[in-house]
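Heads up: the structure comes next, in structure tokens.
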Amino acid sequence: MQSVLSHSWQTVFINANIATMTQAATSYGTLENAALAIADGKIAWLGHMSVLPTLNDAVEVVDVHGMWLTPGLIDCHTHIVYGGNRANEFEMRLQGASYEEIAESGGGIVSTVKATRAASEDELYASALKRLHALHNEGVTSLEIKSGYGLDLDTELKMLRVAKRLGQALPVSIEKTFLGAHALPIEYQDDSDGYIDLVCNTMIPEVAKQGLADAVDVFCEGIGFNIEQTEAVFKAASEHGIRVKVHAEQLSDLGGSELAARYNALSSDHLEYLSKSGAKAMSGAGMVAVLLPGAFYFLRETKLPPIQTLRENNVRMAIASDANPGSSPINSIQLMLNMACTLFRMTPNEALAGVTCNAARALGIDDKVGELAIGMNADIAMWDIKQPAELCYQYGVNPLAALYKYGQKVS
Ligand code: DI6
Ligand code: FE
């Protein structure tokens, strides 16, 4: 894309170090001692200070004094809209019960479903807004939110409306994902195929009609839905022109990622139990592997996702919070950066790509965000750090110095 001429620039950051995170780049796509210009909410120019054109008086010049600019961070997998919490199950797990045992005895996702159905739209909005604030304060400018704690049409729609409203409350772009096939509601306890029928033939058409979903997701797992049911949901979504993604290979290997690859899925998420053939299929389909270190940590999982196999197969890796009440009650993207490195042994460069360019790709929005390049939205985080690895290395002191959305300073 052609750069915009300097006479139309609104803001220029000077004396900046820039981690552009461009897909092809290694080492953060670093540009040191650089400048970046914004026009019409987009990045109009970036390059070394030595080649910065002469600026006219109308341009706002921000001297960054050597701080680092990165793309605004992207959390590409969250469940932040829900009622109640599951601190009681946390205590049960500390007394020895497993996540699967709790789910099988009527706790788990189903208990959050009860609380979410009972909550008003305003209550759901208020509790989710706090979680969104926490993520935004750490530099998040784009976020995915899933439904899936309603499991009936009205509550699923209610959750998606709340997700949409959250995007109007804060300067964060929200991608909405319909996850009706998250768990089996009690009404359908002995009829999982009947529930999948409802998801495919009633819920997806209505969600599509109301334009409330950018993607459709399925929990493909022993305690979720089997391969045939997952495929039925993928088919219904595809018929309505909605891209799919999957929670797969989290607790066992059912082959959900390979199935998803056949449906041109955006991503497959979790993946601790992903096989080599699953990784190959994902690579062939250009899918993103979304890794969720918060769930790995909170469930005290010991089986690592096959990072080296993903690397060898050139599968792009994203990192997300999976913020949810059951398996990752952690609303922090900065902690995920740290955990991706400490728990998964990813490099800081991979971790940062995981919350920028690769997260954007996992959401199908990589033509707009996730990289600092000419023509991309000016969603930019400014960090008071000396080198990008600090974003992964230290946790607890927030190094965010400023945040810009569409070129406007928002914090
Ligand atoms: N996998 C997860 O990690 C979340 N959903 C899913 O399918 C957990 C949701 C929960 O336990 O409430
Ligand atoms: Fe999840």
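The values are calculated or read from the model by the stated rules, or taken from the named source; none is laboratory data. In this text, all values refer to a predicted model and were calculated from it rather than measured experimentally. So basically every Cβ, Gly included, is an ideal-geometry build from the backbone, and we count neighbours across all protein chains shown. The accessibility values were calculated without ligands, DNA or RNA, using every heavy atom of the protein model including side chains. Shrake-Rupley method; radii C 1.70, N 1.55, O 1.52, S 1.80 Å.
Quick notes on this structure:
- Acute angle (nearest 10 degrees) that the helix 153-169 long axis makes with the longest principal axis of the chain, alpha-carbon atoms: 10 degrees
- Estimated translational D of region 145-235 in µm²/s (Stokes, Kirkwood radius over Cα pairs; 20 °C; 1.002 mPa s): 162 µm²/s
- Helix 109-118 and the longest principal axis of the Cα set of the chain meet at an angle near 80°.
- FRET E, pair residue 27, residue 164, Förster distance 45 Å, beta-carbon r, rounded to 0.05: 0.75
- Overall, the ratio between the Cα radius of gyration of region 11-140 and 2.2 N^0.38 Å, rounded to two decimals, is 1.66.
- Mean shadow area of region 129-288, taken as a quarter of the surface of its Cα convex hull (nm²): 9.4 nm²
- Selected from 166, 198, 265, residue furthest toward positive end of dipole (the chain; charges at beta carbon): 166
- Global form of region 246-342, assessed from the alpha-carbon gyration tensor, a/c cut-off 1.5: prolate
- In region 73-363, the alpha-carbon atoms span a convex hull of 109 Å³ per residue.
- DSSP beta bridges in region 73-363 [antiparallel fraction, %, rounded to 5]: 5 percent
- Within region 339-391: Cβ-based charge dipole about Cα centre, in debye rounded to nearest 20 (Lys, Arg +1; Asp, Glu -1): 140 debye
- Heavy-atom accessible area per residue - region 73-363, 1.4 Å, Å²: 36 Å²
- Most positive-pole-ward Cα, 126, 41, 74, against dipole of region 40-166 from beta carbon charges: 126
- Spacing of the two label points (7 Å from each Cα toward its C-beta) at residue 277 and residue 98, in nm: 2.5 nm
- The angle between the Cα long axis of helix 121-137 and the main principal axis of the chain comes to about 40°, on a 0 to 90 degree scale.
- Shape class for region 253-411: oblate, because the ratio a/c of the largest to smallest gyration tensor axis (alpha-carbon atoms, square roots of eigenvalues) is 1.5 or more and b/c is at least a/b.
- Cβ charges +1 (Lys, Arg) and -1 (Asp, Glu), total dipole of region 208-261, debye: 300 debye
- Summing Lys and Arg as +1 and Asp and Glu as -1 over all other residues whose Cβ lies under 12 Å from the Cβ of residue 161 gives a net charge of 0.
- Exposure of residue 65 as accessible area (Å², to 10), given a probe of 1.4 Å and all protein chains: 150 Å²
- Dipole magnitude of the chain about its Cα centre (Cβ charges: Lys, Arg +1; Asp, Glu -1), debye to nearest 20: 820 debye
- Environment charge of residue 247, counting only residues whose C-beta is closer than 10 Å and scoring Lys/Arg +1, Asp/Glu -1: -3
- With K and R counted +1 and D and E -1, the other residues having a Cβ less than 9 Å from that of residue 357 yield a net charge of 0.
- Gyration tensor verdict on region 70-185 (Cα atoms; rounded if a/c is under 1.5, prolate if a/b is larger than b/c, oblate otherwise): prolate
- Residue 156 accessible area, 1.4 Å probe, all protein chains in place, Å² to nearest 10: 0 Å²
- Rough spin-label spacing in nm, given labels placed 7 Å along Cα→Cβ, for residue 130 and residue 223: 2.5 nm
- Taking every protein chain into account, the 1.4 Å probe leaves residue 192 with about 40 Å² of accessible area, to the nearest ten.
- Share of carbon and sulfur in the accessible heavy-atom surface of the chain [1.4 Å probe, %]: 48 percent
- Positive-end ranking of 30, 216, 256 along the dipole of the chain, with charges on Cβ about the Cα centre, is headed by 30.
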